Amino acid sequence: MYGFVSSVLAEKGRHVYTIERSATVADAVRQMNEKGIGALLVVESGRPVGIFTERDVLRRVVDAGRDPASTHVAEVMTREPVTISPDWHVEEAMELMTSHRFRHLPVIEDGNLVGMISIGDLMRWVTIHQEDHIRQMTDYITGRIA
């Protein structure tokens, strides 16, 4: 009903913010704050090996009493992130994210990273399409469509 993840990426862009495993948590948080994002993909040789999120900062750094300046991202990242392909339906991606409580999903095509989507990206996409559908139905009902 809402199309494919590839369409969401085409509209929002395919840029993915990444960080190396060896970076400190302080560097990662600084980058996330500067970019206004909630997650960084951790890469090694261009391949995703982990994801570092705001939730990782709270649970694995702050709550664990670790020093962000001396803790490396590799120590606290979520390893082996779940990924999807661009041909997934938006509804499938939302279901996966909701059921596993993910907020971010890397998108892989033919073994290559092609983007990352957030639950916010998907909610925005669905909302836009619902508004269009409501407008079309209203026009039909009121006779504004020939």
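The values are calculated or read from the model by the stated rules, or taken from the named source; none is laboratory data. Since the structure is predicted, the reported quantities are computational estimates derived from the model, not experimental observations. Cβ placement follows ideal geometry from the backbone for every residue including glycine, while neighbour counts extend to all protein chains displayed.
Across region 1-29, what is the total count of residues that are within 23 Å of Val62 (Cα to Cα), among the β-branched types (Val, Ile, Thr) and either assigned to a loop (DSSP other than H, G, I, E, B) or touching a Ser or Thr at 6+ places or on another chain (Cβ under 7 Å) (or both)?
2
Among (1) more than 28 Å from Arg30 (Cβ to Cβ); (2) touching a residue at least 12 places away in the same chain (Cβ under 8 Å), which single condition is Glu80 missing?
(1)
So that you can scan it fast, the table gives a plain yes or no per residue for (1) farther than 30 Å from Met1 by Cβ; (2) of a type in the set (Phe, Trp, Tyr); (3) not in a loop (DSSP other than H, G, I, E, B):
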| position | (1), (2), (3) |
| --- | --- |
| Arg59 | yes, no, yes |
| Pro86 | no, no, no |
| Asp121 | no, no, yes |
| Met137 | no, no, yes |
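Considering every residue within region 56-74, establish whether at least one is surrounded by 12 or more Cβ atoms within 10 Å (Cβ to Cβ) and within 23 Å of Glu109 (Cβ to Cβ).
no
Going by the conditions given, is Asp132 surrounded by 17 or more Cβ atoms within 10 Å (Cβ to Cβ) and part of a helix (DSSP H, G or I)?
So Asp132 does not fit the description; no.
Residues in region 3-20: is at least one within 23 Å of Arg124 (Cα to Cα), touching a His at 6+ places or on another chain (Cβ under 9 Å) and of a type outside the set (Val, Ile, Thr)?
Yes, region 3-20 contains at least one residue that is within 23 Å of Arg124 (Cα to Cα), touching a His at 6+ places or on another chain (Cβ under 9 Å) and of a type outside the set (Val, Ile, Thr).
Yes or no, residue by residue, for (1) small (Gly, Ala, Ser); (2) out of contact with any helix residue (DSSP H, G or I) (no Cβ under 9 Å at 6 or more places or on another chain); (3) in contact (Cβ under 8 Å) with a residue 60 or more places away in the chain:
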residue: His89; (1), (2), (3): no, no, yes
residue: Thr98; (1), (2), (3): no, no, no
residue: Val114; (1), (2), (3): no, no, yes
residue: Ile117; (1), (2), (3): no, no, yes
residue: Leu122; (1), (2), (3): no, no, yes
residue: Trp125; (1), (2), (3): no, no, yes
residue: Ile134; (1), (2), (3): no, yes, no
residue: Met137; (1), (2), (3): no, yes, no
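Consider Ser99 against the criteria (1) assigned to a helix (DSSP H, G or I); (2) modelled with pLDDT under 95; (3) farther than 19 Å from Gly13 by Cα: it satisfies all of them except one. Which criterion is unmet?
(2)
How many residues does region 103-119 hold that are touching a strand residue (DSSP E or B) at 6+ places or on another chain (Cβ under 9 Å) and part of a loop (DSSP other than H, G, I, E, B)?
Result for region 103-119: 2.
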